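Comments concern the structure below.
Nothing in this text is a laboratory measurement; each read-out follows from the coordinates by a stated rule. What you see is a predicted model; the values in this text were computed from it and never measured. Note that we place each Cβ from the backbone using ideal geometry, even for glycine, and neighbour counts take in every protein chain shown.
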Amino acid sequence: MTARLADLVAAAPGRLSVAVRARDGYRFDHDSARVVPAASTIKVPVLLAYLASGMPWDLPVALPAARVGGCGPLALLPSVTSLPAGEALRLMIALSDNDATNAVLGLVGVGEVARLLGRAGTRHTVLRRRMMDQVAAAAGHENETCAADLAELLAAVRAGSILPQREAAMALAVLREQQFDEGLPAYLPEGLRCASKTGSLPGVRHDIAVIESGDAWVAVAALATDLMDGPVDRGTSIYPTYAAIGETVAALVTG
């Protein structure tokens, strides 16, 4: 397992950080404390913070008339002016909708996300700005994370140590609705469950997941940067590596 993962990392394009945490105690780390832009993986702590807050699943969430777009369907649906919180959370994760994310953040608050991350023991993950806030990004207020933080955060959710059982199950159910599955989930054997989230920026592609079979599970975070070739974003070149990593770590839950 370790040799195979090391080979995949060595052959990967760009610069790749990987962390694996399995229920049986298996661990793998490669450059896993490296701090990188979080991209849309930061939406997972937002989801967890909302579920930890006690606010109801059906709470109405107002959507601003001016949409930020970038990813997700709400930028194309200006007639939709509000959604139940649960639907906004599902759009935030499954389709990485930035407008849904910002609307949820307006309810839960950046401080609550920070407190959730503090309880989880993350060391390098921070939410500094809303989605698509170009002014804040240009000023250096970037959302950041590392592979070790994300793998351990997902492991804590699956192990039931960061959220109550009901809310942890809800979080995993939302993450299993992920529609962007060309990375870690792509080569998984039939019958496995995968709860995942992707993130992308120019030259950056991330994928994180909990892969399960029965009571066995493994959390994996793969974060890639330096995928630019001049002005061309070569981010999709990392997907075969991610698919192979997912297939490899699946052996930890299939025996």
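Descriptive notes on the structure:
- Cα-based shape type of the range 65-133, given that a ≥ b ≥ c are square roots of the gyration tensor eigenvalues and the cut on a/c is 1.5: prolate
- In order along the range 26-32, phi translates into HN-Hα couplings of 5, 9, 9, 9, 9, 6, 7 Hz, rounded to whole numbers, per the Karplus curve 6.51 cos²θ - 1.76 cosθ + 1.60 with θ = phi - 60° and x for Gly and Pro.
- Net charge dipole size for the range 73-129 [Lys, Arg +1 and Asp, Glu -1 on Cβ; Debye, nearest 20]: 380 debye
- Against the chain, whose longest principal axis is taken from its Cα atoms, helix 2-11 shows a tilt of about 70°.
- In terms of surrounding Cβ atoms within a 10 Å radius of their Cβ, Ser79, Ser196, Ser53 rank from fewest to most as Ser79, Ser53, Ser196.
- Percentage relative contact order, the range 1-108, counting C-alpha pairs under 8 Å, at least six apart: 22 percent
- Helix 85-94 vs. the chain, principal-axis angle (Cα, 0 to 90°, nearest 10): 40 degrees
- The chain - Rg over Rh from alpha carbon coordinates, Kirkwood radius: 0.95
- The chain: most fluctuating residue of Asp207, Asp24, Asp99 per GNM, C-alpha cutoff 10 Å: Asp24
- For the chain, built as a Gaussian network whose Cα springs stay under 10 Å, the top-fluctuating residue of Met92, Met131, Met170: Met170
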